[in-house]
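What follows is a set of notes on a single structure, which appears directly below.
The values are calculated or read from the model by the stated rules, or taken from the named source; none is laboratory data. Since we're looking at a predicted model, the values are computed, not measured. When we count neighbours, we look across all protein chains shown, and the Cβ atoms used for this are built from the backbone with ideal geometry, even at glycine. These accessible areas exclude ligands, DNA and RNA; they are computed on the full protein's heavy atoms, side chains included. Shrake-Rupley method; radii C 1.70, N 1.55, O 1.52, S 1.80 Å.
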Amino acid sequence: MALHSETLEQFLSRTHEAVPGGLAALSFLLTHVGLVGKLLSRDLRVAGLLNVLGTTGETNVQGETVKKLDEIANETCVRVFQQSGVVCALVSEEMEKPVIISNERQQVPYIVLFDPLDGSSNTDVNMPLGSIFSIVAPSRADLPPNERDLLRKGTDQVAAGYLLFGPSTMLVITAGKGVHGFTLDPGLGEYLLSHEDMKIPARGKMYAVNEGNYQKWTGEMRRYFDHLKVEDKATGRPYSGRYSGCLVADVHRMLLNGGIYLYPGEVKKPEGKLRLLYEANPLALIVEQAGGLASTGTKRVLDVEPQKLHQRVPLIIGSRDDVREAEHFLHGQA
Ligand code: AHG
Ligand code: MN
Ligand code: MN
């Protein structure tokens, strides 16, 4: 039996006493992210028995078919954050409009932007899934949040985290003081610290990309990808390909082992597929806090000025040297 490690709450009170909005509120909010993880983990563990697989028949604001588990995950997130009392607005990949939570209590400190279920193509085949959370503070706590409060640069994030539903359920968070991973002990119903102060290797030997898009890529992206497959022992090439269909799972692998995840812009879709506010920004904050980089190919993800709630960006994220090398190719300098 593993020794008792620190719980999420114990760890936060020991390490994050002074964060914007106050430790108590942030700690309280992150425990609600943990509650979402417990609820979804319970459902996902027996999804095949609950008649929750397959699609709802609806199409979401992304133009994507909505899986039943997308809807369940979204409803779970909305309910938990509404009940938390520390959230004044919600933005979800699965909801076209934001949810403004009218709280009588003033000083409601946080806005949560989230991807309730990441890797939806994996729901019916029992492959890894995730949830991604970005947390910002409204510009003024005494007024309901406005559009400007929601369209924030990634550098404005107070905290970010993801849940990974794999063989174990993990919660990985940053509040600007490093990246820390917790593993859910279902028997205890507690998240226990299992990966303190995660640091991503400066370079890896793996790439995660959907190679099926090769013909859609720009010449620069193809040249970078071809470069990764040339034999060169000194630089660990050829890299191995590992692509799960779940951004959270692939980025988690890179965070631990090093390497690079790419969902680049394409000739006909220069903006790429992944969404800035609740996929790229939170993961970029986490990976940068762990010593890695996150780029659109031409600029730092966290510096992108959002224009629309569901806007997409190309995402090249992972080990520092790998991302820099990819940018070198994508800038046409190689
Ligand atoms: P989501 O399920 O939230 O729409 O995210 C899916 C994303 C990401 O998780 C994954 O890496 C990528 O889309 C897979 O896209 P392709 O199937 O086009 O490779
Ligand atoms: Mn996603
Ligand atoms: Mn999703």
_Among the listed residues Ala284, Ala290, Ala326, identify the single one that is open to solvent by less than 30 Å² (accessible area, probe 1.4 Å) and within 16 Å of ligand 1 (Cβ to nearest atom)._
Ala284
_What's the total number of residues in the range 294-312 that are open to solvent by less than 10 Å² (accessible area, probe 1.4 Å) and under 16 Å from the mean Cα position of the chain (by Cα)?_
4
*Quick one: in the range 243-252, which of the residues that are open to solvent by 10 Å² or more (accessible area, probe 1.4 Å) and touching a strand residue (DSSP E or B) at 6+ places or on another chain (Cβ under 7 Å) is farthest from ligand 1 (Cβ to nearest atom)?*
His252
_Name the residue that is surrounded by the most Cβ atoms within 10 Å (Cβ to Cβ), counting only residues in the range 187-202 that are at pLDDT 95 or above and touching a Lys or Arg at 6+ places or on another chain (Cβ under 8 Å)._
Ile200
*So which strands (runs of 3 or more DSSP E) are wholly in the range 51-164 and hold at least 2 residues that are within 16 Å of ligand 3 (Cβ to nearest atom) and open to solvent by less than 20 Å² (accessible area, probe 1.4 Å)?*
87-92, 110-118, 129-136
